[in-house]
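The values are calculated or read from the model by the stated rules, or taken from the named source; none is laboratory data. What you see is a predicted model; the values in this text were computed from it and never measured. Cβ coordinates were reconstructed from backbone atoms using ideal geometry, including for glycine residues, and neighbour counts include every protein chain displayed. For the accessible areas, the whole protein counts, side chains as well, though only heavy atoms, and no ligand, DNA or RNA atoms are used. Shrake-Rupley method; radii C 1.70, N 1.55, O 1.52, S 1.80 Å.
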Amino acid sequence: MLYGYNGKFIEVDLSNEKISIEKIDEQILREYIGGRALASKILWDRLGNKWEEVDPLGPENLLLFLTGPLTGYFPGARICISGKSPQSNGIVGSTVGGNFAMELRCAGYDGIIVSGEAKKPVYLFIKDDFIEIKDANHIWGKRGIDTIKILINETLKELSNKWPWKGLWKDPGILYIGPAGENKSRIAAVMSKWSHAAGYGGYGGVMGSKKLKAIVVKGSNSLPPVANKEKVLSLIAEVCRVSIQEKDDWRRWGTGFGGYGVGADTSSEPIRNWQEEWHDNKSFGVDKFEERVWIKRYWGDDGCPTTCLKLSAIKDGEFKGAITDNPDYELQAYLGTNLGIFTPEGNVYVASVVDDLGLCGIQGGNVLGFAAELYQRGILTKKDLGIALEWGNPKAFARLAEKIAYRKGIGNILAEGTYRAALKLSKRKKIDLMKYAIQSKGIAIGAHGIRSGLDYPPIIAYACSVQGGDHTSVAGLIREELWKCELSMLFADSGVVCAFNVFKLDWLWDFLEAITGWNITKEEWYEKIAARVLAIQRALLLLGGPDIYWDPRIHDENPERFYEPLPSGPKKGKAADKEDFLKTKSEYYKTLGWDEYGIPTSETLNKLGLKDLDNVLQKIRNKVYSS
Amino acid sequence: MKQIWIARDYSKCSGCRRCEIVCSLKHEGEIWPEASRIRIFMLIPGLEVPHLCVQCPDYPCVEACPTKALSINRETTAVEVDKEKCIACGKCIDACPGKIPHMHPTKKYILICNLCNGDPECVKVCQEGRWNALWLASRPSLSQLSIKLYARTPQEITKDLARNIYGEEFEKGMI
Ligand code: SF4
Ligand code: SF4
Ligand code: SF4
């Protein structure tokens with residue numbers, strides 16, 4: 001018996017309006033668990049032989065919404081979204097919270113696989129066995145807040161019309177896109193609630209390319225049965241106990257704690273497009289947020305004891321009506337300090353606009369900062385932008401975010417994300433602008449710098465990660481710490497759980513065993529399963545295409561800025577050390593059984609049971625070795 | 001046994017839904033949000049509304065039941081459901097001013113909070129987490145009228161909350 005899974009996936013072909021239910025072999029589930037790992041398997045199997053030609057924003061791409069066996073059981077449910085990434089042309093596993101994953105699991109499915117492209121805007125409606133592709137003309141073009149309002153209303157009406165005997169229906173789980181996704185921005189997020197976003201990878205743009213405005217799901221069953229219920233329940237109690245009794249600072253302040261702390265103490269927060277990484281602006285302390293903008297101290301996702309999210313709303317003044325979650329650290333940094341904005345109100349306002357447009361706060365904040373630095377240097381002018389893009393002006397940045405979401409004027413270029421925008425603008429301005437692009441393999445770097453050496457990401461964190469600039473899954477050598485090694489983080493993304501509740505790494509394996517009954521040791525995870533997934537992600541990332549390719553000799557590298565000495569703060573003068581970087585990089589490759597350029601060797605692939613990947617990699621080897 | 005009442009502060013609910021989890025575990029043996037006697041409505045994100053029986057002084061649901069499947073536990077003042085007698089007609093739902101009773105998702109009987117026989121699990125987790133959206137009060141201390149004020153639909157409650165928390169313009173086109 002298969003424990004911990006429903007064993008069923010919904011497959012939707014939007015081109016032919018065909019819906020079917022797919023089963024995935026138990027052996028495959030055991031070898032790939034779920035979420036990000038399973039996504040790599042599905043994508044490799046189905047698109048591998050034509051990967052280079054697949055346009056991430058074309059109908060050939062697949063869009064995956066996958067849970068894992070731990071989802072719903074491990075406190076804090078999330079869902080992993082994947083496909084060929086329009087940012088990196090590789091695979092990114094991008095996770096988001098909310099109530100969608102729980103509803104989907106209770107509807108009887110472990111995931112949704114979307115292919116093709118609808119002729120006109122649609123949304124997907126799932127209620128247990130009842131699945132329907134529905135017209136979305138009336139919500140196409142709507143921003144986030146309006147989209148949610150309409151979808152909740154309409155779904156509740158439909159549910160009580162079709163199943164009236166039930167009594168009042170509870171709201172469904174909803175994933176949706178805003179205008180940014182509709183307009184196929186590569187930096188559009190898949191959104192949940194007001195402000196939760198799966199932003200890494202650019203899957204909002206993929207949803208838009210498929211004309212899929214939203215997925216709405218209501219499940220009425222229980223979670224799938226587990227192998228050892230007693231153990232699962234005691235593990236849940238343990239996670240909750242530790243969160244509530246031992247991690248009070250974390251619960252109390254959430255990720256927003258970093259807003260002042262990361263800048264002031266660790267000198268690793270982006271300030272004005274990473275020109276600095278230190279600030280001592282006390283107005284950006286989380287206590288100021290609490291006093292001035294919080295309306296809810298604890299806000300969380302299904303089953304979460306930590307409820308680290310904080311809700312903010314602005315009730316009067318020029319930013320009246322703005323709503324966002326706290327903002328969390330990344331939004332505080334990327335839509336605050338990175339834009340020279342140091343007031344909680346300004347930050348909440350820009351974040352709320354970015355949320356409502358369905359842009360990724362990190363990718364969006366990164367490209368906004370990039371544009372503002374070009375403005376500061378006189379490279380982009382008011383004429384180019386249509387806006388005087390002064391640091392610290394929330395309204396100016398909000399207006400540019402709108403232009404990006406609707407691809408108006410310069411927004412059309414910036415909607416391509418920092419890397420592609422830098423390429424295009426370099427050509428137009430006839431100077432190299434890549435040095436102002438703080439990204440890795442097309443993916444903006446999370447708001448944790450490596451120059452000071454005081455924050456958690458290792459020196460190779462972004463340069464070598466198969467997820468590019470992702471700060472939640474960083475490349476590193478150490479295996480026993482979740483935040484310093486993508487082999488560990490891959491488990492959270494495959495499980496699929498909220499890593500913020502993983503206070504002890506061992507819990508992950510304990511849960512897996514109690515839920516599925518499989519005895520997968522940590523060693524097996526690191527040496528086989530995670531290594532296998534990383535090899536697939538790496539191979540497809542290097543295969544790339546059709547518009548952009550990565551050469552590991554050039555692109556397994558930090559943004560230039562990280563080698564510039566920090567200009568201010570207690571760590572003034574510190575920069576990433578090139579020698580240290582090169583040494584760590586080759587050590588990292590070696591540990592994984594990759595060659596000096598980071599290409600998995602034939603021997604490694606054999607060991608991992610991935611012989612079929614060797615042909616693909618041979619192609620890359622030929623290219624790299626011969627030039 | 002003291003007559004108990006579950007007091008609630010909607011504005012404090014974190015939306016964690018741990019109360020749904022423990023309620024369904026206690027009564028169904030599974031993590032089963034739809035079969036929980038307490039349900040967290042999120043008709044507008046950020047405005048999570050814990051919705052469960054308020055033990056109206058006049059018990060219109062009990063009154064409306066044609067088969068006498070509903071009765072009042074005199075010790076706890078909770079409404080008890082006799083699964084055998086319930087014919088899933090939904091008359092109690094209609095009679096409840098808050099539309100709080102709801103049908104079991106797979107079986108043919110109504111679900112109403114029975115206060116866990118005086119030891120409410122949902123209150124325990126909400127208190128354990130210090131969200132304090134649910135807490136135990138002794139029933140007689142509340143005026144009978146004020147109890148009944150809580151028997152409103154999630155829609156009505158959300159509208160008021162939206163006005164208080166997000167501002168009045170937020171009500172527009174809401175629910
Ligand atoms: S346990 Fe408390 S805070 Fe959590 S959802 Fe229930 S009522 Fe709200
Ligand atoms: S709240 Fe509803 S279910 Fe509870 S006693 Fe009143 S009428 Fe009955
Ligand atoms: S008191 Fe018990 S039965 Fe009533 S909602 Fe809470 S957990 Fe469920």
Tally of residues being open to solvent by 30 Å² or more (accessible area, probe 1.4 Å) and either in contact (Cβ under 8 Å) with a residue 24 or more places away in the chain or of a type in the set (A, V, I, L, M) (or both) across region A:410-423: 1
task: Show the residue pairs that are 6+ apart or on different chains and have beta-carbon atoms under 7 Å apart, the first residue being within region B:12-25 and facing chain A (nearest Cβ under 7 Å), the second being of a type in the set (Val, Ile, Thr) and in a helix (DSSP H, G or I).
output: B:ARG18/B:VAL125
- line: The lone condition A:LEU566 fails out of (1) over 30 Å from A:VAL262 (Cβ atoms); (2) crowded, with 21+ Cβ neighbours inside 10 Å is (1)
task: Could you tell me whether any residue of region A:351-361 is over 22 Å from the mean Cα position of the chain (by Cα), modelled with pLDDT of 95 or more and not in a helix (DSSP H, G or I)?
output: no
- prompt: Could you list, in sequence order, the residues of region A:308-324 that are surrounded by fewer than 24 Cβ atoms within 10 Å (Cβ to Cβ) and at the interface with another protein chain (Cβ under 10 Å from one of its Cβ atoms)?
  reply: A:ALA313, A:ILE314, A:LYS315, A:ASP316, A:LYS320, A:GLY321
- prompt: Just a yes or no: is a residue in region B:80-98 within 13 Å of chain A (Cβ to nearest Cβ), within 16 Å of ligand 1 (Cβ to nearest atom) and within 25 Å of A:LYS157 (Cβ to Cβ)?
  reply: yes
Any chance B:VAL62 is of a type in the set (Val, Ile, Thr) and either within 12 Å of ligand 3 (Cβ to nearest atom) or more than 14 Å from every other protein chain (Cβ to nearest Cβ) (or both): yes
task: Return yes when B:LYS124 is open to solvent by 30 Å² or more (accessible area, probe 1.4 Å), more than 20 Å from B:ARG152 (Cβ to Cβ), within 16 Å of ligand 2 (Cβ to nearest atom) and at pLDDT 95 or above and no when it is not.
output: no
- request: Among what's in region B:139-167 and is assigned to a loop (DSSP other than H, G, I, E, B) and free of Cβ contacts under 8 Å to residues at least 40 places away in the same chain, pick the residue that is nearest to ligand 3 (Cβ to nearest atom).
  value: B:LEU149
- request: Give region A:521-530 a look and list any residue that's over 13 Å from A:LEU38 (Cα atoms) and crowded, with 22+ Cβ neighbours inside 10 Å, or say none.
  value: A:TRP525
message: Going by what's in this entry, would A:GLY205 be described as under 23 Å from A:LEU309 (Cα atoms) and more than 14 Å from chain B (Cβ to nearest Cβ)?
response: no
- prompt: Just a yes or no: is a residue in region A:308-325 assigned to a helix (DSSP H, G or I) and either under 17 Å from the mean Cα position of the chain (by Cα) or more than 27 Å from A:GLU560 (Cα to Cα) (or both)?
  reply: no
- prompt: Residues in region A:506-538 that are closer than 30 Å to A:LYS578 by Cα, out of contact with any strand residue (DSSP E or B) (no Cβ under 7 Å at 6 or more places or on another chain) and in contact (Cβ under 8 Å) with a residue 40 or more places away in the chain: how many?
  reply: 7
query: How many residues does region A:264-287 contain that are more than 24 Å from the chain's Cα centre (by Cα), part of a loop (DSSP other than H, G, I, E, B) and either closer than 14 Å to A:LEU335 by Cα or among the acidic types (Asp, Glu) (or both)?
result: 1
- prompt: Can you tell me which residues in region B:88-102 are more than 20 Å from A:SER220 (Cα to Cα) and surrounded by 14 or more Cβ atoms within 10 Å (Cβ to Cβ)?
  reply: B:LYS91, B:CYS92, B:ALA95, B:CYS96, B:PRO97, B:GLY98
- prompt: Pick from B:ILE38, B:ILE4: which is more than 8 Å from chain A (Cβ to nearest Cβ), within 10 Å of ligand 3 (Cβ to nearest atom), more than 12 Å from the chain's Cα centre (by Cα) and under 17 Å from B:ALA137 (Cβ atoms)?
  reply: B:ILE4
statement: Within region A:137-162, restricting to residues that are away from every other protein chain (no Cβ under 13 Å) and under 21 Å from A:GLU103 (Cα atoms), the one that is surrounded by the fewest Cβ atoms within 10 Å (Cβ to Cβ) is A:ASN161
- prompt: If you go through region B:123-135 one residue at a time, do you hit one that is among the aliphatic types (A, V, I, L, M) and either within 12 Å of chain A (Cβ to nearest Cβ) or in contact with an Asp or Glu (Cβ under 7 Å, 6 or more places away or on another chain) (or both)?
  reply: yes
task: Give the residues of region B:81-110 that are near ligand 2 (Cβ under 10 Å from one of its atoms), out of contact with any helix residue (DSSP H, G or I) (no Cβ under 7 Å at 6 or more places or on another chain) and among the basic types (Lys, Arg), sorted by residue number.
output: none
Boolean, B:ILE112 is in contact with a Pro (Cβ under 6 Å, 6 or more places away or on another chain), at pLDDT 95 or above and within 14 Å of ligand 3 (Cβ to nearest atom): yes
- request: Pick out the one residue from A:ILE478, A:ILE450, A:ILE459, A:ILE515 that is in contact with a Cys (Cβ under 7 Å, 6 or more places away or on another chain) and more than 28 Å from A:GLY48 (Cα to Cα).
  value: A:ILE478
- request: May I ask you to say which residue of A:GLY83, A:GLY68 is touching a residue at least 60 places away in the same chain (Cβ under 8 Å) and in a loop (DSSP other than H, G, I, E, B)?
  value: A:GLY68
- request: Could you please give the count of residues in region B:113-138 that are more than 11 Å from ligand 1 (Cβ to nearest atom), in a helix (DSSP H, G or I) and among the hydrophobic types (A, V, I, L, M, F, W, C)?
  value: 2
- line: Of the candidates A:GLY111, A:GLY97, the one satisfying the condition of being away from every other protein chain (no Cβ under 14 Å) and either out of contact with any strand residue (DSSP E or B) (no Cβ under 8 Å at 6 or more places or on another chain) or not basic (Lys, Arg) (or both) is A:GLY111
task: List the number of the failed condition for B:TRP32; all other conditions in (1) in contact with a Leu (Cβ under 9 Å, 6 or more places away or on another chain); (2) crowded, with 24+ Cβ neighbours inside 10 Å hold.
output: (2)
message: For region A:380-399, give me each residue that is among the β-branched types (Val, Ile, Thr) and either buried (at least 17 other Cβ atoms within 10 Å of the Cβ) or under 21 Å from A:ALA447 (Cα atoms) (or both).
response: A:ILE387
task: Can you work out which of the residues in region B:57-80 that are open to solvent by less than 90 Å² (accessible area, probe 1.4 Å), outside any loop (DSSP other than H, G, I, E, B) and near ligand 2 (Cβ under 10 Å from one of its atoms) is nearest to B:TRP5 (Cα to Cα)?
output: B:VAL79
message: Please count how many residues of region A:261-307 are of a type in the set (A, V, I, L, M, F, W, C), within 14 Å of another protein chain (Cβ to nearest Cβ) and touching a residue at least 24 places away in the same chain (Cβ under 8 Å).
response: 4
